[in-house]
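I have placed the structure first, in the form of structure tokens, so that the comments after it can refer back to it.
The values are calculated or read from the model by the stated rules, or taken from the named source; none is laboratory data. Note that the coordinates shown come from a computational prediction; the quantities given were computed from them, not determined experimentally. Every residue, glycine as well, gets a Cβ built from its backbone with ideal geometry; the counts of neighbours run over all protein chains shown. Side chains included, ligands, DNA and RNA excluded: accessible areas come from the protein's heavy atoms. Shrake-Rupley method; radii C 1.70, N 1.55, O 1.52, S 1.80 Å.
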Amino acid sequence: MPEPIIIFDDVTYTYPGTEEPALHSISFQIEPGEYVAILGLNGAGKTTTGLCVNGVVPTMLGGELTGKVTVGGLDVADYPVREMSKLVGMVFDNPEFQMSQMSAAEEVALGLENAGVPYEEMMRIIPETLELVGLAGFEERSPLALSGGQQQRLAIAAVLAMKPQILIMDEPTSNLDPIGKQEVFDMAAKLNRERGMTVIVIEHEVEVMARYADRVIVLEAGRIVMNGTPQEIFGRVDELAALKLRVPAAAELAKVLGSEYGLWKGPAPITTEPAVKAINELLGANRG
Ligand SMILES: Nc1ncnc2c1ncn2[C@@H]1O[C@H](COP(=O)(O)OP(=O)(O)OP(=O)(O)O)[C@@H](O)[C@H]1O
Ligand SMILES: [Mg+2]
């Protein structure tokens with residue numbers, strides 16, 4: 001087993017000027033190459049958790065952090081965010097607010113320039129990174145002349161240019177249409193599967209997370225209340241409902257069919273295709 005790439009060891013964090021900690025005694029580990037979904041209601045501490053990984057908390061924002069966050073073997077509190085950005089890239093929900101440059105190439109170049117990457121190397125990395133996110137040849141395009149999905153992929157390219165080992169996406173598709181959402185999730189899945197990138201997605205799209213995530217962490221009021229495989233977590237339909245969290249429709253349907261009609265022997269499906277397949281088989285058996 002490799003060393004976990006992210007370790008939260010009993011982390012409690014309070015923002016400056018507030019009384020109540022945003023995170024309470026959080027402990028979890030993430031292995032290299034895992035795809036982890038973080039779920040929780042507004043204010044649960046999802047974004048704060050992400051900011052602890054990229055070091056914005058506590059290095060830039062201050063406040064009081066107890067316990068320890070270790071990322072790639074480094075104690076995050078000891079390294080400037082600029083240093084952490086070589087290891088961790090984070091993108092947010094509103095791609096156009098993340099765009100500040102005249103062209104897609106300049107957008108990608110920004111972090112590289114700040115990191116002091118030589119010009120020739122930048123000229124090599126920029127097209128390579130644009131291609132990675134499906135924006136090959138878009139170098140000269142104004143970021144404002146891109147669709148929302150393309151803008152979000154450009155924001156992701158800008159962090160990928162730094163060759164981070166960890167990509168954190170904080171509600172990356174909440175402002176995108178269904179096609180834009182699909183583009184972003186497909187790309188993240190590809191980076192995870194083909195490049196072994198560790199991916200953390202903060203998301204309300206439980207259907208998508210049931211399909212892609214290796215693990216689901218559920219936060220409530222700054223505490224971890226569930227941490228397990230999507231199969232385990234999305235099988236706990238009633239507990240998720242009590243937390244006011246959405247559940248994949250397939251899991252909900254499977255639960256009803258299982259508990260009221262006793263239809264499943266094994267674990268209930270949590271994604272649509274296996275649920276439809278199982279229901280078809282049952283209907284077929286009843287017809288015959
Ligand atoms: N900069 C800040 N200063 C003070 N308190 C903050 C700050 N940012 C967040 N908080 C508080 O910390 C807690 C956790 O917030 P956080 O943004 O991590 O939640 P979240 O799960 O990402 O919510 P959302 O779904 O709304 O994005 C909340 O109580 C919030 O009010
Ligand atoms: Mg948030």
Notebook entry, point to check: Can you work out ³J(HN,Hα) from phi for every residue in the stretch 151-168, in order, using Karplus 6.51 cos²θ - 1.76 cosθ + 1.60 and θ = phi - 60°, giving whole Hz and x for Gly and Pro?
Noted result: 4, 5, 5, 5, 4, 5, 4, 4, 7, 5, 4, 7, 6, x, 8, 10, 10, 10
Item checked: Contact order relative to length of the stretch 248-288, as percent, for alpha carbon pairs under 8 angstrom and 6 or more apart -> 41 percent
Check: Computed on alpha carbon atoms, what radius of gyration and Dmax characterise the stretch 1-117, expressed in Å?
Finding: 15.4, 45
Item checked: Links that overshoot a 25 Å alpha carbon limit, given the list K46/K190; K46/K277; K244/K265; K190/K255; K255/K277; K46/K265 -> K46/K277; K244/K265; K190/K255; K46/K265
Next item on the list: Any chance you could tell me what percent of the C-alpha pair distances in the stretch 248-288 go past 15 Å?
Entry: 34 percent
Next item on the list: Roll a 1.4 Å probe over the protein chains and send me the accessible area per residue for the stretch 18-105 in Å².
Entry: 44 Å²
Item checked: Over the stretch 84-204, relative contact order from alpha-carbon pairs under 8 Å, at least 6 apart, % -> 35 percent
Margin query: Please compute one quarter of the surface area of the Cα convex hull for the stretch 197-259 and express it in square nanometres.
Written below: 4.4 nm²
Margin query: Relative contact order of the chain, please, whole-number percent, based on alpha carbon pairs below 8 angstrom and at least 6 residues apart.
Written below: 21 percent
Next item on the list: Run the dipole for the stretch 96-162 about the Cα centre, Lys and Arg Cβ at +1, Asp and Glu Cβ at -1, nothing else charged, and hand back the magnitude in debye, nearest 20.
Entry: 200 debye
Item checked: Projected area averaged over orientations for the stretch 102-214, convex hull of C-alpha atoms, nm² -> 6.9 nm²
Margin query: Using only the alpha-carbon atoms, how far is helix 272-287 inclined from the longest principal axis of the chain? Give it as 0 to 90 degrees, nearest 10.
Written below: 10 degrees
Next item on the list: Express the Stokes-Einstein translational diffusion coefficient of the chain in µm² s⁻¹, to the nearest whole number, given a Kirkwood radius over alpha-carbon pairs, 4 °C and a viscosity of 1.567 mPa s.
Entry: 64 µm²/s
Item checked: Equivalent ellipsoid semi-axes - Cα gyration tensor, the stretch 96-162, angstrom -> 18, 12, 10
Notebook entry, point to check: Expressed as an acute angle from 0 to 90° and rounded to the nearest 10, what is the orientation of the C-alpha long axis of helix 104-114 relative to the principal long axis of the chain?
Noted result: 70 degrees
Checklist line | With Cα atoms, 0 to 90° folded angle of helix 249-261 axis to the chain main axis | finding: 20 degrees
Note to self: Using alpha carbons only, how many angstrom separate the centre of the stretch 10-72 from the centre of the stretch 99-145?
What the structure shows: 30 Å
Notebook entry, point to check: Sequence-distant or interchain residues sharing an amide H contact under 5 Å with N227, placed H: which?
Noted result: V218
